[in-house]
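The values are calculated or read from the model by the stated rules, or taken from the named source; none is laboratory data. Quick caveat, the model's predicted, so the values are computed rather than measured. Glycine gets a Cβ as well: all are built from the backbone with ideal geometry, and neighbour counts include every protein chain shown.
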Amino acid sequence: MAYITDQLRWQETMNTVTVDCSLDIAIHPAESDTVLLIIPGVDGSVNGYQDKYIRIAEQAQDRYGIAAVRIANPFISSFHWESNPRRILDYIASNTDTIAGGGEAIRIKIMAHSAGASIITKIAHEYDNITDLLLVNPAEKLDGDAIRSGLKKTDAKVTVIFGEKDPSVSFSEALRGDGRRVVVLEGADHNFSGENLQAFIELPERYLLS
């Protein structure tokens, strides 16, 4: 199915230093009250390895008729981890006509990987229209306590997926202790490499959209 590509541009300032920022995005529009937002890990591309994020978005549209938004996730600085997800959430709020036919009550379901998953946990509670989070291999090193604290503030339905071989898999026990739905998938590493790629593509169907 056809999709629209664009690039968001803005500036960030830290300690009098101004940085020019850009964010590649792709929109899969649909007449729908639901948007699937896909956030990759740090420096992840908008399409993903072997176009995995395109395949996820198209699968979601084919099966559920929903709109989808994909983004890259370029590293800006250690002070600006939240900039990319905030920019795209603001963009979705301002462009519902283009993305979802102008529906006023847009629900956002997010699939996020690695650093992208860690960061969205910290800000999701600020957005009432984020209804569901699928967090894949969230990086505990990006402040595990802040991740847990952020999740306690959100009303979104949360599912956390870890690959059995992911470096942060031990973090699953703390999240389970907080009452989160946590699934550990046998044989999968951080990037769901090799034969596990298809399992990664099917995660939203199994744990987010159905």
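Can Ser193 be described as of a type in the set (Ser, Thr, Tyr) and modelled with pLDDT under 95? The answer is no for Ser193. Name the single residue that is farthest from Arg206 (Cα to Cα) among those in the range 103-129 being of a type in the set (Val, Ile, Thr) and part of a helix (DSSP H, G or I). Restricting to residues being of a type in the set (Val, Ile, Thr) and part of a helix (DSSP H, G or I), the top hit is Ile123.
Given (1) surrounded by 14 or more Cβ atoms within 10 Å (Cβ to Cβ); (2) in contact with a His (Cβ under 7 Å, 6 or more places away or on another chain), identify the lone condition not met by Phe200. With respect to (1) surrounded by 14 or more Cβ atoms within 10 Å (Cβ to Cβ); (2) in contact with a His (Cβ under 7 Å, 6 or more places away or on another chain), Phe200 is out only on (2). Scanning the range 146-164 for any residue that is out of contact with any Ser or Thr (no Cβ under 7 Å at 6 or more places or on another chain), surrounded by 20 or more Cβ atoms within 10 Å (Cβ to Cβ), closer than 21 Å to Ile119 by Cβ and of a type in the set (Gly, Ala, Ser) turns up at least one such residue.
Here's the yes/no breakdown for (1) among the acidic types (Asp, Glu); (2) touching a Phe, Trp or Tyr at 6+ places or on another chain (Cβ under 9 Å); (3) under 20 Å from Asn129 (Cα atoms); (4) modelled with pLDDT of 95 or more:
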residue: Ile4; (1), (2), (3), (4): no, no, no, yes
residue: Val19; (1), (2), (3), (4): no, no, no, no
residue: Pro29; (1), (2), (3), (4): no, yes, yes, yes
residue: Ile38; (1), (2), (3), (4): no, yes, yes, yes
residue: Gly41; (1), (2), (3), (4): no, no, no, yes
residue: Ser45; (1), (2), (3), (4): no, yes, no, yes
residue: Phe75; (1), (2), (3), (4): no, yes, no, no
residue: Ser78; (1), (2), (3), (4): no, no, no, no
residue: Ser83; (1), (2), (3), (4): no, yes, yes, no
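Name the pairs whose Cβ atoms lie under 8 Å apart, with the first residue in the range 123-148 and among the hydroxyl-bearing types (Ser, Thr, Tyr), the second surrounded by fewer than 20 Cβ atoms within 10 Å (Cβ to Cβ) and assigned to a strand (DSSP E or B), and 6 or more positions between them or separate chains? Short answer, once both residue conditions are applied: Thr131/Arg107; Thr131/Lys157.
Search the range 173-189 for residues being of a type in the set (Gly, Ala, Ser) and farther than 17 Å from Leu133 by Cβ, and hand back the single one that is surrounded by the fewest Cβ atoms within 10 Å (Cβ to Cβ). Top of the filtered list is Gly177. No other residue among Lys165, Lys153, Lys157 is touching a His at 6+ places or on another chain (Cβ under 6 Å) and modelled with pLDDT of 95 or more apart from Lys153. Pairs meeting the criteria (first residue in the range 72-94 and within 20 Å of Val17 (Cβ to Cβ), second residue of a type in the set (Asp, Glu) and not in a helix (DSSP H, G or I), beta carbons under 7 Å, at least 6 apart or on different chains) are Pro74/Asp43; Phe75/Asp43; Ile76/Glu12; His80/Glu12; Ser83/Glu12.
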